[in-house]
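A short write-up of the structure that comes next.
The values are calculated or read from the model by the stated rules, or taken from the named source; none is laboratory data. What you are looking at is a predicted structure, and each value in this text was computed from that prediction instead of being measured. Virtual Cβ from ideal backbone geometry, glycine too; neighbours counted across all protein chains shown.
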Amino acid sequence: MSTRLPAPLLDAALVGASLLDVWAHLDTSEPLRMVCALAAAFALLLRRHLPLLTFLLTLPAVLLSDAVIAALAALYTLASLTRRRALLAVCAVAFTFSDRTSWPSPDLDLSAPSTFIALAYTAATAAAPVFLGQLVQTRRDLSLRLAEISQARDHERQLTAQTVLAKERTTLAREMHDVVSHQVSLIAVRAGALQVGSRDAEVRQAAATIRRLSVQTLDELRHMVSVLRASGSRPTELVPQPTLADLQQLVDNSGIEAELRTDLSGSLPPPVQRAVYRTVQEALTNVRKHAPGASAAIRISQKGTNVRVTVTNTAPTRPALPLPSANHGLVGLRQRAELLGGTVTCGPTTDGGYQLCLQLPSDGTW
């Protein structure tokens, strides 16, 4: 059970703590410092949407007074939302020197050892919310990746179960066609021969009934075989199924910088559209997991009856998180492509990135 405070209540608590900090360190005889400190406290209401601007609005209060809670809260929020570590370092340094400088009469004697000790303590104070914010961001990213992995595993289990079911249906259809239908046909033939060859009226009537029922049973068996073969020809797909129209939303919500370009001469069969979507989805998931900070380029083209999909990402800019992996994603893509008569290839690029390529026939020959 989560005990996390609602966002509005947490923001109100931070503003209240900042106002108490202002009340403890300032008085009404210093109007400029009071205005800056109050502005810093109420600027925290913007911290979720404009974290950098919020921090900049709190700096004057640090520079002119000892009210620093608002600035530390803003620095923590910025660290939990941005991935620009150079920016965080600059903000921490700005906080450190602002806190150690007393304006409008600066008194920062760099020749005194005590000054450097005080700067070190202030720098440690600034580093604490930065590290805490980065830790929260990493925890949030890890939770998202684990949720994606869990969802992918559930999807894989469902596909595996459906593949087994499809194979069983195909086997059952073959047995019904080769054994049961053959035997029912023999019964119908023998009944017809008995109907023609017998002189007894009752026997001929019974043989006619057997022949009629055998023919009806044979028609029903053939219908059942056709249904089983239709459902067992390939693994039953999960619903609802995505199409190429959903690709742009997938790219926009991927959490990475990605560009999508399509060059298709016509509409594609639904199985091909699903294969293209799942390939792009798996590739973008791998970029997020294994190449943090990388950008991706997605190209979908059609030449004749062949569809080609390539997803190429640049080299990562940050070390990847050590996430658990079943290594079944690419295997599943290859199996799906093989069912449709296509291929999947992948490998590193010369610039340190990675490329995944899918080729499928689009004419339904599979």
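Considering (1) modelled with pLDDT under 85; (2) hydroxyl-bearing (Ser, Thr, Tyr); (3) within 30 Å of residue 255 (Cα to Cα), the lone condition that residue 82 does not fulfil carries the number (1). For region 256-296, taking the residues that are assigned to a loop (DSSP other than H, G, I, E, B) and under 16 Å from residue 148 (Cβ atoms), the one that is modelled with the highest pLDDT is identified as 291.
For beta carbons closer than 6 Å, sequence separation of 6+ or different chains, a first residue in region 326-339 that is part of a helix (DSSP H, G or I) and a second that is at pLDDT below 75, the qualifying pairs are 339/234. Tell me, yes or no, whether region 177-192 has at least one residue that is within 30 Å of residue 278 (Cα to Cα), at pLDDT 75 or above and either not assigned by TED's automatic domain parsing to the domain that holds residue 337 or not in a helix (DSSP H, G or I) (or both). No, every residue in region 177-192 fails to be within 30 Å of residue 278 (Cα to Cα), at pLDDT 75 or above and either not assigned by TED's automatic domain parsing to the domain that holds residue 337 or not in a helix (DSSP H, G or I) (or both).
Considered as a group, the residues in region 340-364 that are assigned to a loop (DSSP other than H, G, I, E, B) and free of Cβ contacts under 8 Å to residues at least 40 places away in the same chain include one that is nearest to residue 307 (Cα to Cα), and that residue is 341.
Going by the conditions given, is residue 46 surrounded by fewer than 16 Cβ atoms within 10 Å (Cβ to Cβ), out of contact with any strand residue (DSSP E or B) (no Cβ under 9 Å at 6 or more places or on another chain) and within 23 Å of residue 8 (Cα to Cα)? When the stated conditions are applied, residue 46 passes them.
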